[in-house]
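Only the coordinates and a few stated rules stand behind these numbers; no lab work does. Computed from a predicted structure; not experimentally measured.
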Amino acid sequence: MCGIFAVSGERNDAGSMVLKGLKKLEYRGYDSWGIAVREGEKIDVEKQVGKISGVKQKFPPATEAMGHTRWATHGGVTKENAHPHQVGKVTLVHNGIFENYLEAKKSLDDWKFHSETDTEVIAALLDREIQGGKNTAEAIRAVAEKIEGRFAILVMVEGEPGIWAARRGSPLILGRGETETFIASDIPAFLEYTTTVNYLDDGEMVHIHGAQANFSNLKTGTPVDKRNITVDWTTEEAEKGEFAHFMIKEIFEQKQTIIRAINHEDEKLRQAAALLKQANGVYFIACGTAHKVAAAAEYFFADISGRKINVVPAGEMPYFERFVHEGTALIAISQSGETADVLEVLERGKKKGAKILSITNVETSSVARIADAHLPIFAGPEKAVASTKAATAQMALCFLLAHADAEMRERGSINRGREILRTTASSINDLLNPRYEEHVRDVAEKIVDRPNLFIIGRGALYPMALEAAIKIQEVSYIHAQGFAAGELKHGPIALIENRVPCLVLGDDPETVSNAMELKARGARIIGIAPTPAEVFDEWLRVPDCNGSQAIASIIPVQILAYHLAILKGLDPDMPRNLAKSVTVK
Ligand code: M6R
């Protein structure tokens with residue numbers, strides 16, 4: 001939630017560099033933005049409501065600047081609530097939630113607040129500590145002690161060169177250039193300048209000034225050594241290229257990403273599977289689309305290795321925590337690896353001695369780093385808010401993991417799983433072409449005026465029906481709901497009337513007969529299946545994928561959701577009210 005970016009260096013265009021970097025982070029939050037530029041003794045702040053993408057602002061020459069794109073939590077979308085916030089000598093941007101900010105605010109009755117944010121309270125606390133005689137590092141440490149909740153902050157202080165950053169929970173990464181240092185909430189912000197990075201870990205702070213970066217412990221102030229890491233992301237991967245939107249680019253990248261996801265040594269898969277085998281209870285923990293992937297994995301494991309796994313949305317896990325103890329395996333699935341609800345479950349589980357396996361797209365993310373074992377999905381940066389290529393890559397990896405689990409009893413199972421996935425990937429390759437996209441767009445045109453849409457599927461296609469609903473809801477704002485195919489007639493069928501579009505995932509006899517029940521009530525049936533059943537009014541072909549059908553079947557829905565958004569004149573990359581990475585609870 002929220003994009004943060006700062007630069008301290010020798011070039012004199014820090015303001016424009018921050019503007020450019022923030023545009024690359026806009027997927028993290030896009031209701032307002034602001035940039036602070038150090039001009040001699042003063043720090044000037046420019047803030048505006050709205051998206052930053054079209055902004056062409058000129059900034060005074062400066063070697064240091066920092067900025068923020070906001071996803072509102074405390075207070076509405078107004079210029080006053082946009083970051084940076086200034087109190088006295090302190091200018092501050094913030095990602096996260098200061099949970100006890102109201103209590104802290106009571107102690108600041110000498111300051112007249114200009115915004116409704118928790119962030120301004122942090123700035124005021126810092127200013128008071130500095131006025132009281134503490135140096136900036138001491139002040140940041142003292143204020144961090146008072147904050148309950150996750151946060152990442154950047155601080156500039158008038159008359160004091162350099163930029164401070166501190167984190168507990170929310171991500172911050174440093175880019176190390178030859179003459180300058182960057183701090184960002186994600187790598188694409190500075191990728192055009194450097195691929196050398198340092199990760200600021202939880203409970204750490206850093207001061208940057210030009211090429212210098214001094215890290216220390218946020219509690220004790222003890223200096224911390226950092227290793228330089230080279231990331232292999234390319235600028236092309238992080239750009240739209242010839243595509244109109246990241247979402248469609250990332251959908252088309254599934255030609256390669258499914259194969260990349262299964263590029264793990266057998267030994268590594270076996271070790272991950274051993275963690276499940278030795279476990280006393282296995283819980284898959286995830287949110288949103290990643291949770292639907294986990295729900296599909298439940299079917300994969302039941303079918304392939306005969307293992308019953310528990311799938312719990314991370315936010316619901318507190319109700320089951322009494323079952324987590326030493327020996328429990330927590331398998332976290334998260335594209336970003338920064339989702340706060342997931343992290344909280346893992347942190348609490350770790351304290352109880354649970355073993356953690358993470359499946360993320362960002363190898364150095366907080367989720368990956370807290371884990372005992374990590375399986376990256378290698379999908380490359382996913383920037384559209386709607387998760388597409390990460391979801392299918394996660395599914396492919398879970399499918400293979402289920403085969404690794406079966407390998408314990410059945411030699412050759414990993415190879416068989418990999419073979420099925422290779423065939424799936426190659427048939428998906430055939431699907432992802434402009435002609436197929438055109439066909440899906442035609443179907444989108446026929447249903448775009450409908451306010452409600454239903455999706456049914458059974459087996460692993462049931463979680464895909466739920467995922468299909470998320471995709472359609474989040475980018476097209478059409479009310480969409482997914483159901484287990486047999487469930488519709490237990491209530492929701494009352495909502496079916498003339499011309500209500502129903503996506504039917506699958507062509508097995510039971511699902512086809514459920515489709516007939518819908519059609520009998522006037523529904524328009526859009527079949528997503530390998531063969532065209534007679535009941536289908538429209539048919540979107542998908543390959544027959546031998547157990548990994550869920551992976552192929554979600555792709556036409558992703559394209560459909562994208563075109564529904566386009567036909568409605570919406571921006572599918574930045575849907576309203578959403579942000580790519582949900583780093584708040
Ligand atoms: O980064 P994560 O995979 O942990 O994110 C989880 C959800 O926030 C995410 O999948 C969300 O549901 C997507 N917008 C769905 O497309």
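Quick one: check the C-alpha center-to-center distance for the stretch 256-307 versus the stretch 498-548, whole angstrom.
For the stretch 256-307 versus the stretch 498-548, the Cα centre distance is 29 Å.
For Glu80 and Lys585, compute 0.36 nm times the residue count separating them, minus their Cα-Cα distance, and round to one decimal in nm. Walk me through the intermediate numbers first.
Numbers: separation 505, 0.36 × 505 = 181.80 nm, distance 2.37 nm.
Gain on stretching Glu80 to Lys585: 179.4 nm.
log₁₀ I(q)/I(0) of the stretch 246-567 at q = 0.07, 0.12, 0.13 Å⁻¹, via Debye over equal Cα point scatterers, no solvent, to two decimals?
One equal scatterer on each Cα of the stretch 246-567 leads to -0.26, -0.77, -0.90.
Given an 8 Å cut-off on Cα distances and at least 6 residues of separation, report the relative contact order of the stretch 246-567 as a percent.
Numbers: 648 pairs, mean separation 58.5, N = 322.
Across the stretch 246-567, relative contact order equals 18 percent.
If all Cα-Cα distances of the stretch 170-264 are sorted into 5 Å bins from 0 onward, what percent lands in each bin, rounded to whole numbers?
3, 12, 18, 18, 15, 13, 8, 8, 4, 1
Antiparallel versus total DSSP beta bridges in the chain: what percent is that, nearest 5? Write down the numbers at each step before the final one.
Details: 61 of 99 bridges.
Counting DSSP beta bridges with both partners in the chain, the antiparallel share is about 60 percent.
Using only alpha carbon positions, build the gyration tensor of the stretch 495-581, then give the equivalent ellipsoid semi-axes as the square roots of 5 times its eigenvalues, largest first, whole angstrom.
Values: eigenvalues 131, 67, 22 Å².
The equivalent ellipsoid of the stretch 495-581 has semi-axes of 26, 18, 10 Å.
How long is the gain from Glu326 to Asp44 if the chain were fully straight, where each residue apart is worth 0.36 nm and the alpha carbon distance is subtracted? If you can, show how the numbers build up before the last one.
Working: separation 282, 0.36 × 282 = 101.52 nm, distance 5.25 nm.
Roughly 96.3 nm would be gained on extension.
Please enumerate, by chain and number, the lysines with C-alpha under 30 Å from the C-alpha of Lys268, excluding those fewer than 8 residues away in the same chain.
The qualifying lysines are Lys226, Lys255, Lys277, Lys292, Lys308, Lys350, Lys351, Lys352, Lys355, Lys383, Lys389, Lys580.
Treating each Cα of the stretch 56-158 as an identical point scatterer and ignoring solvent, apply the Debye formula and state log10 I(q)/I(0) at q = 0.14, 0.23 Å⁻¹.
Each listed q maps to, in turn, -0.52, -1.36.
For the chain, what does the helix formula give at 222 nm: sum of -39500 (n - 2.57) over DSSP H segments with n ≥ 4, over the residue count, nearest 500 deg cm²/dmol? Could the numbers behind the result be given before it?
Values: 16 runs with 201 residues, N = 585.
That comes out to -11000 deg cm²/dmol.
Divide, for the stretch 3-230, the radius of gyration over alpha carbons by 2.2 N^0.38 Å, where N is the residue count.
Details: Rg = 15.9 Å, N = 228, 2.2 N^0.38 = 17.3 Å.
Ratio of Rg to 2.2 N^0.38 Å for the stretch 3-230: 0.92.
May I ask you to evaluate 6.51 cos²θ - 1.76 cosθ + 1.60, the Karplus curve with θ = phi - 60°, for each residue of the stretch 554-568 and list the ³J(HN,Hα) values in order in whole Hz, giving x for glycine and proline?
Karplus-based 3J(HN,Hα) across the stretch 554-568 equals 7, 5, x, 5, 4, 5, 4, 4, 4, 6, 4, 5, 4, 4, 8 Hz.
With θ set to phi - 60° and the Karplus curve 6.51 cos²θ - 1.76 cosθ + 1.60, what are the ³J(HN,Hα) couplings of the stretch 26-40 in order, to the nearest whole Hz, using x for Gly and Pro?
4, 4, 8, x, 8, 9, 6, 8, x, 9, 10, 10, 7, 10, x
From the Cα trace of the chain, what convex hull volume per residue do you get, rounded to a whole Å³?
Values: hull volume 87.6 nm³, N = 585.
In the chain, the Cα convex hull volume per residue is 150 Å³.
For the chain, what is the relative contact order in percent, using Cα pairs closer than 8 Å and at least 6 residues apart in sequence?
Values: 1332 pairs, mean separation 69.7, N = 585.
Relative contact order comes out at 12 percent.
Quick one: plug the Kirkwood hydrodynamic radius of the stretch 324-483 (C-alpha pairs) into Stokes-Einstein at 20 °C, 1.002 mPa s, and report D in µm²/s.
Numbers: Rh = 18.1 Å.
Value of D from the Cα-based Kirkwood radius: 119 µm²/s.
Does the stretch 1-79 come out rounded, prolate or oblate, given a ≥ b ≥ c as the square roots of the eigenvalues of its C-alpha gyration tensor, rounded meaning a/c under 1.5 and, failing that, prolate meaning a/b above b/c?
Working: a/c = 2.05, a/b = 1.72, b/c = 1.19.
Judged from the Cα gyration tensor, the stretch 1-79 comes out prolate (a/c at least 1.5, a/b above b/c).
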